[in-house]
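A short write-up of the structure that comes next.
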Amino acid sequence: MDRWEMPSYEPDLPITEKSNSRTRDMDRAQPEQLVQLLRDCDTEIFQHLWEGGAGYQGLYSDSVVQTIVHVARNVEEILKCPEDSLIVMSGCGTSGRLAYLLATSFNRLLKRLKKQEEAPEDSPHLGALNLEQVCAGKRRILFIGISCGLSAPFVAGQLDFCMDNLNVFTPVLIGFNPVNMARNEPIPGWTPTFRTVTERMLQMQETHRAFIINPAVGPEPLSGSSRMKAGSATKILLETLLWAAHTSALSHTHTTHRDVLNLLRDYEHVHRITYSQSDQIAVLVKQAGSSLKKGRHVYYVGWHTLGVMGIIDASECVPTFGADVGDICGFINEGYAEMGNAEGDLSSLGPEFCIGHKDFVRTTLPNVTESDSVIFLFTLGDDLHAVEDLALCVKQRTLGLYAVIHASGPHSVPDNIKEVFASVMTFTWPSTSEEENSFLRTLQVELATKWVLNAVSTGAHILKGKIYRNYMMDLKVTNSKLFRRAVSLLQMFSGCPEELCHGALIQVIYSTDQPTEEMNTAPLTEHAHTANTSSKVVPTALLMLRWRCSVHEARARLDGHMIIRDAVEACLTA
Ligand code: S6P
């Protein structure tokens, strides 16, 4: 088998951008096979030893566990003297969303930590400035920068700022590539690259003034989609170190190697429990795919942080699959009151910002039809009367009503709840006694839900024909990382040299066969900014390269195909 970990496999790409050899034919898989493939890919997160020639460190490697222990001990110190200290977590896209979710959850537990929210990915200056503002007046700050691909300039700027101010900051980087695969591309208006920042951190790690936690978790099932495995691994790592530190601080002990290993093993168990429901997950994938194929919608209706998991998964479908904001939407019981975001109620910004169940009932439900799929996400600890009432309302509009339910200990799902739904996926978790253990259980339940929803949204878009093999060809080229990915896809599928692929992309983005000097020399961030408004950028450029035709002609040919996978296939076989 073609194993991605061999040094000769896609040698120019970092692990997080490589294609996973397991999922090469994922676009043709049936829902059941699809879920098996996702399960196998997620198993790689917990791989003990990478067998290939490169010798990557994994989640359980001594070096990784030891670094987690060191960082957890720093967290303990901060928890003991929180007055003039701070923990800041920061990242872009999914990494930022997960940092936000965790900061909110742990704040509720501790009422002490503070958070840092998402910001533009390509700006190191803005990253440093935001960080400086958030940290003003603090004497001791643990900064955790998350960039799964070791690539976001925003995070690089913050880490660099921390290293220039080591009297206050201890920088920590979480990502899933080895340091020598960190992005080394020049960043406009800034001297360091992500790689040089990481190398500087590596030196400081020797004296425990900076830390890098970067196990390999293998390529994503859908190439480059770091919201999936890398997102799950981010959640696992952050929770492990924060939880270990929290319990140690409470009991006046110190986090040990064994504590960390035990927590990681618990998460591995969560993976097994989640995929023990593979058949039910496949049912949801099939139904959601059928809704999207008909041009209809999938709605996640969740309670508490499971509502947040739904909103996160739904929001990622826009950049990942070029989906419309209305294709997959998430709702949470009390809307913004439940989200705990600093800005408060954002629903006046537009319909896509209306996220409460009340909004769902008022504006969405009247338009729900039989072809839509509605997936409820809750635990048996939630208000089951509210669940039943809302489910009965939805049932009047569609029978495509499903539930993902988390039960604990001896409690089973009441019949009146089961009966409302067309199908019910029940996770039964061992009961927990103390309040704090139930906090940990909530985190695990969130991860299980993330895995289910990632499978549903990815699987549904595959069934809709959005994916070619295991590549998202119609990606939105909205930042420099995605521009690079687009060029690499074009090189791979057209066989043309990089320069030509880059040129074709510029032509499509600026809608001209003869780009001006200004267009050609603009920074990648400018191309990405312009590309934001163009559609089918990569498929159009691919057609141009293969058919040696104009932008206009390529667009016209593409218009004949409704399904991207078919368009790419037709282009490649012609
Ligand atoms: C990926 C997701 C993106 C990334 C973002 C940050 O599936 O859609 O939004 O999270 O680009 O990436 P990274 O590598 O810096 O964590």
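Values for this structure:
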{"item": "Unit charges at the beta carbon, dipole of the chain: most positive-side option, 477, 350, 295", "result": "295"}
{"item": "Region 204-331 - charge dipole about Cα centre, Lys and Arg +1 at Cβ, Asp and Glu -1, debye rounded to 20", "result": "220 debye"}
{"item": "Modelled label reach - residue 498, point 7 Å along Cα→Cβ, region 8-33 residues with backbone N closer than 19 Å", "result": "8-19"}
{"item": "Helix-only CD estimate at 222 nm, as mean residue ellipticity for the chain, using -39500 (n - 2.57) per DSSP H run (n ≥ 4)", "result": "-15500 deg cm²/dmol"}
{"item": "Cross-link pairs beyond the 26 Å C-alpha cut-off, checked among 450/476; 358/418; 18/293; 395/476; 80/235; 235/464", "result": "18/293; 395/476; 235/464"}
{"item": "108, 97, reordered so the largest accessible area comes first (probe 1.4 Å)", "result": "108, 97"}
{"item": "Relative contact order, percent, region 382-497 [alpha-carbon distance under 8 Å, six or more residues apart]", "result": "16 percent"}
{"item": "Accessible surface, 1.4 Å probe, highest first, among residues 202, 524, 558", "result": "202, 524, 558"}
{"item": "Fraction of antiparallel bridges per DSSP, the chain only, in percent to nearest 5", "result": "5 percent"}
{"item": "For peptides 257-270, 314-327, sequence by mean Cβ density within 10 Å, most packed first", "result": "314-327, 257-270"}
{"item": "Kirkwood Rh, Cα atoms: Rg over Rh of the chain", "result": "0.95"}
{"item": "Alpha carbon convex hull of region 443-574, projected area averaged over orientations, nm²", "result": "9.0 nm²"}
{"item": "FRET efficiency estimate (nearest 0.05) - Cβ-Cβ, residue 66 to residue 433, R0 30 angstrom", "result": "0.45"}
{"item": "Order of exposure, largest accessible area first, which applies to 199, 388, 5 with probe 1.4 Å", "result": "199, 388, 5"}
{"item": "Average Cα contact separation per residue, region 263-394, under 8 Å, 6 or more apart, as relative contact order %", "result": "26 percent"}
{"item": "Value in Å of the Kirkwood radius, where region 278-390 supplies the Cα pairs that are averaged", "result": "14.5 Å"}
{"item": "Rg over Rh, two decimals, region 370-436 (C-alpha only, Kirkwood Rh)", "result": "1.02"}
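The values are calculated or read from the model by the stated rules, or taken from the named source; none is laboratory data. Predicted, not measured: the structure shown is a model, and the values here were computed from it. Glycine gets a Cβ as well: all are built from the backbone with ideal geometry, and neighbour counts include every protein chain shown. The protein model used for the area step is the full one, side chains on, heavy atoms only, and it has no ligands, DNA or RNA in it. Shrake-Rupley method; radii C 1.70, N 1.55, O 1.52, S 1.80 Å.
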